[in-house]
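Engineer: Quick one: the structure is below, and I'll ask about it shortly.
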Amino acid sequence: MKKIELEIVALSHSITQNNSYAIVLGEMHGQRRMPIVIGAFEAQAIAVALERMQPTRPLTHDLFHAFMGKVGIELSEVLIYKLEEGIFFAKLICLQDNNEIIEIDSRTSDALALAVRANCGIFTYENVIEAASLFLNDENRPSKRAIQAQEPKKTQFIDDDLDGQELSKMNLEELQTLLNKVLEQEDYVRAIHIRDEMNKRNK
């Protein structure tokens, strides 16, 4: 199955949900974007590596990456190989000194935190990005700068208490309009919920 190379294009804090983050992966040669909800700890670990910050003591992902180097294991790529019930599954594709390939199951957020430290490629399959992607036009495309410092702000068009039950009452046209507005605000966490609701309708 053909693999699609991805890059990190944004790390976004949710405007309307505290402690919710989304890391946004984009096609290297396309316009599809694949947002993945991650926790605050993983968001911090990715941000530290992207910004080349040097913590006073190694973080967990720094320790694991250093350990791999000491025992002769190289992280050659991260593969996000499956999306099931809203959960992404990833593997660390590693090479030992003797060129033996090792595949290690990993949470996607941990795999991405290690990929940034190892400066290795991030890949997925067509069926995964097709199921999870948001197609962004030029006006809505996130900045190539990976970290976007955002002050929490009140959205003008979406109720903070809007949940899955409220989304289920909207038709597809209303959901698409809401999705476009959420993307303009770069609230990718909310965008994921709206996208999932639209996907359920289209099945």
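Engineer: Along the Cα→Cβ direction, 7 angstrom out, place labels at T60 and E173. What is the inter-label distance in nm?
Structural biologist: Output for this residue pair reads 4.7 nm.
Engineer: Which residues among the stretch 168-203 fall inside the zone where the amide N is under 16 Å from a point 7 Å beyond the Cα of Q31, along Cα→Cβ?
Structural biologist: Only 180-181, 183-184 fall inside the zone, counting backbone N under 16 Å.
Engineer: Moving to a separate point now. May I ask you to give the average projected area over all directions of the convex hull of the Cα atoms of the stretch 1-97, in nm² rounded to one decimal? Intermediate results must be reported in sequence, preceding the final value.
Structural biologist: Details: hull surface 33.7 nm².
Taking the Cα atoms of the stretch 1-97, their convex hull projects to 8.4 nm² on average.
Engineer: Taking the convex hull of the alpha carbon atoms in the stretch 34-76, what volume per residue do you get, in Å³? If you can, show how the numbers build up before the last one.
Structural biologist: Values: hull volume 4.4 nm³, N = 43.
That works out to 101 Å³ per residue.
Engineer: Given the Cα-Cα distance of N202 and F89 and 0.36 nm per residue of separation, how much length would full extension add, in nm?
Structural biologist: Values: separation 113, 0.36 × 113 = 40.68 nm, distance 2.31 nm.
Extending this stretch completely gives an extra 38.4 nm.
Engineer: Using a Förster distance of 30 Å, how high is the FRET efficiency between E7 and I102, based on the Cβ-Cβ distance and rounded to 0.05?
Structural biologist: Step by step, r from the Cβ atoms, then E = 0.80.
Values in this text are rule-based calculations from the coordinates and carry no lab data. What you are looking at is a predicted structure, and each value in this text was computed from that prediction instead of being measured. Cβ atoms come from the backbone with ideal geometry, glycine included; neighbour counts cover every protein chain shown.
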